[in-house]
Amino acid sequence: MAALSPTTLPVYRLLLRTQVNRARVLALLAIGAVGVVVAIAIGSTSSFEPVERGARFVNTFGLSLLVPVSALVFAAASLGDLDEDGTLVYLWLRPVRRSRIVVAAAASSLTVAWPLVVVPLAAAAWATGGGTDLVVGTVVSASLALSAYTGLFCALGLRVRRSLVWGLLYIFIWEGFIATANDTAARLAVRTYARSALNEIADVTLSFAAVASPYRWVVPPLVGVAALAYATRRLARQDVA
């Protein structure tokens, strides 16, 4: 992945301004706040197996809902919205390598999504009473998942129209339903690797979390990089006029 350079930074700042949409940010802040409130309720109801209960909540609410949906909202829009409204051509005509445009899009998405996702999830994990290991596992697993989803949805935004709809279908139909059929299908879902990381760090037992090391650590970022490489190729070849 190309690093942010002096030629990339203006593109990054431009895309970052388009990412910070008040409605999107407020909606995700509200969802994160709801998660923290629910976590407080979970933590106050019982002291029985707090780590296990907290991990299951992080998995269900965070890794299965907040993380992928937040990544989709921002990453798919980073270049996809510009492509759909016809303004991508102005960015495409800049004397900047296509790879750097794609990296700037992914970086801007992560800049906005990471604090909106990881901070409330870490707070929720702490509120459940699961302790430090659960909080660390939540931060690491959510960050791993974001690295993969951001790349995937940046590429999706360039590849298809109505990327939000297609992304939601992927999240809820493929990852939420089909990938839970068996362990083989589960390995084709990003959340399985993030769940395995949470499983390992928090020392709990979650379903479909049997991905061994080092795959649980390296596959999500590799998926993100591969998706961004595809997005770069797509941006270089497609007609954006």
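The values are calculated or read from the model by the stated rules, or taken from the named source; none is laboratory data. The model shown is predicted, which means the values in this text are computed figures rather than measured ones. For neighbour counting, all protein chains shown are included, and Cβ atoms are generated from backbone atoms with ideal geometry for every residue, glycine included. Note: accessible area is taken over every heavy atom of the protein model, side chains too, but ligands, DNA and RNA are not part of it. Shrake-Rupley method; radii C 1.70, N 1.55, O 1.52, S 1.80 Å.
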Select from segment 130-139 the residues that are small (Gly, Ala, Ser) and either closer than 19 Å to VAL73 by Cα or in a helix (DSSP H, G or I) (or both) and list them in ascending order. GLY137
Out of ASP85, ASP81, sole residue that is of a type in the set (Asp, Glu) and either open to solvent by less than 40 Å² (accessible area, probe 1.4 Å) or closer than 24 Å to VAL190 by Cβ (or both): ASP81
Scan LEU26, LEU65, LEU15 and give me the residue that is open to solvent by less than 50 Å² (accessible area, probe 1.4 Å) and either in a helix (DSSP H, G or I) or over 18 Å from GLY167 (Cα atoms) (or both). LEU15
Name the residue that is modelled with the highest pLDDT, counting only residues in segment 1-12 that are surrounded by 12 or more Cβ atoms within 10 Å (Cβ to Cβ) and part of a loop (DSSP other than H, G, I, E, B). THR8
